[in-house]
């Protein structure tokens, strides 16, 4: 019984893995697939996860610009999962999961597929992709 209680006390919610697959289209659009595996212990991860996507930037001259962002698919453990996208001051936030359904303790893998644009820079000596892979500001 003491061992079981110790396991419960020391279990923690965490991101176990985060993988990103990026495809640059000839149009300049970027197709992104993220796989986020989490351990849920019914503390903060109760109904699902959320992910932030900055969409407002400044270029090297200080000009403000906005990038596109369109969710194309969201899965939990390979099955379509409900989600909604909310506008935030510096971009978008996607809430994944059903507000009326609790996950329960366990390990879950979320797949988020989306499209963005205006993330590529073309220069005389090089090209670059400026993309915020982990969200936030």
Residue order, fewest to most beta carbons within 10 Å, for 29, 133: 133, 29
Estimated inter-spin distance, residue 79 and residue 126, nm [label 7 Å along Cα→Cβ]: 4.6
Estimated 222 nm signal from helices in the chain, with DSSP H stretches of n ≥ 4 weighted -39500 (n - 2.57), rounded to 500: -2000 deg cm²/dmol
Point-to-point label distance, residue 89-residue 26, nm (Cα→Cβ direction, 7 Å offset): 4.3
C-alpha center-to-center spacing [the stretch 66-137, the stretch 44-58] in angstrom: 7
FRET efficiency, 1/(1 + (r/R0)^6) with R0 30 Å, evaluated for residue 63 and residue 12 via beta carbons: 0.10
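Here, each number is a calculation from the coordinates, and none is a lab measurement. Remember, it's a predicted structure, so these values are computed and weren't measured experimentally. Positions of Cβ are backbone-derived with ideal geometry, glycine not excepted, and every protein chain shown enters the neighbour counts.
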